[in-house]
Each structure stands twice: as structure tokens, then as C-alpha cells.
1. Would you mind pulling out the separation of the Cα centroids of the range 1-32 and the range 57-117, in Å?
2. Counting only helical runs of four or more DSSP H residues, what would the 222 nm mean residue ellipticity of the chain come to if each run contributes -39,500 (n - 2.57) and the total is spread over all its residues?
3. With +1 on the Cβ of every Lys and Arg and -1 on the Cβ of every Asp and Glu, and nothing else charged, how large is the dipole of the chain about its Cα centre, in debye rounded to the nearest 20?
4. Provide the per-residue ³J(HN,Hα) series for the range 85-92, in order, calculated from phi with Karplus coefficients 6.51, -1.76, 1.60 and θ = phi - 60°, each as a whole number of Hz, with x at glycine and proline positions.
5. Which one, LEU97, LEU126, LEU111, projects farthest toward the positive side of the charge dipole computed for the chain from Cβ point charges (K/R +1, D/E -1)?
6. Return the distance in nm (one decimal) between the two label points of a simple spin-label model at SER60 and TRP108, each offset 7 Å from Cα along Cα→Cβ.
7. Restricting to DSSP loop positions (anything but H, G, I, E, B) with no more than 12 other Cβ atoms inside 10 Å of their own Cβ, which trypsin sites (Lys or Arg not before Pro) remain in the range 1-39?
8. Per residue of the range 8-20, in order, report the coupling 6.51 cos²θ - 1.76 cosθ + 1.60 (Karplus, θ = phi - 60°) as ³J(HN,Hα) in whole Hz, putting x for Gly and Pro.
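The values are calculated or read from the model by the stated rules, or taken from the named source; none is laboratory data. Owing to the predicted nature of the structure, the values given are computational and were not obtained by experimental measurement. Please note: Cβ atoms are built from the backbone with ideal geometry, for glycine as well, and neighbour counts cover all protein chains shown. Side chains are part of the model used for accessible areas, which takes the heavy atoms of the whole protein and leaves out ligands, DNA and RNA. Shrake-Rupley method; radii C 1.70, N 1.55, O 1.52, S 1.80 Å.
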Amino acid sequence: IDSAIFSYAAFAIAGGLGVWYLLQAHRGADVKSIALRQVDYMSYRMVCLGFLLLTVVILSGAIWAEQAWSRWWSWDPKETWALITWIIYAVYLHQRLRMNWQGKRMAWMSLIALVCVLFTFAGVNLLLPGLHSYA
């Protein structure tokens, strides 16, 4: 569970940095300035950390589920949304590393991905029935 909390925290920091980047760019800051490039890079690094930790969470959860219920994956809403979140951040990393996207595009993408994280964290627990629902 600690890895999940830390991964969500890293994604929240990345999303917050994305918001800060977009606000600064909207106010007319030069998007090629060193400060904004550092914010963009720090957001990317937080996504990398969160992605690594979320991968650990999904894999360790699958191993635990196999031991507890004799199945690796049950398509429970929490599992499914964790996978959706993982895929969104995998796309983020792909776009960053292979397509060389930076700046506003990545700031927007980190903000959209953060919405998915928030739904995975709270929305699934409160709105969707399943093994991981606590409402």
C-alpha cells in the first residue's frame, strides 16, 4: 500500500507542476526559459517515479491475488482503473521519450492523467462496487 500512496503522490506532484507550467506559460513566460524547462523535467521525473511504483503495486497485487484467490487478475474496477492509469502514464512516457514531446503538451497530459489517478484513488472506491470498494 505504501508504494501505491507514493506513486499517487508522485503523480500528484507531476500534475501540480503541470498546472504551474501552464499558468506560467499562460501569463506569458518564455516556454524556453530555464525555469520552465526545469519544471517540465521535474514533472517528467515524478511521472517516472510514479510509473515505477505503480508497476510495483500492480505486479505485487497480482502476485498477492494469485496466492489469496488463485487468480492473478479478476477485472475488479480498482484493478481495471489501475491498469488504465498505468497505460495513460505509459503513453505519457512514450510520447516524451519517442516523440520528444515537452512543455505544454506534457503539462496537459500530466493534468489529464492526474484526473485518472484521482478517480482510481477515490472514485472507484466510492462509486463502483468491487473487491476494493470501501463505500
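1. 17
2. -26000 deg cm²/dmol
3. 560
4. So the Karplus estimates, Gly and Pro as x, are 4, 4, 5, 4, 6, 5, 5, 3 Hz.
5. Farthest towards the positive pole: LEU97.
6. That separation, rounded to one decimal, is 3.6 nm.
7. Here the trypsin sites (Lys or Arg not before Pro) that fit, given the DSSP loop and packing criteria, are ARG27, LYS32.
8. Going residue by residue, I get 5, 5, 4, 5, 5, 4, 4, x, x, 5, x, 4, 4 Hz, with x marking Gly and Pro.
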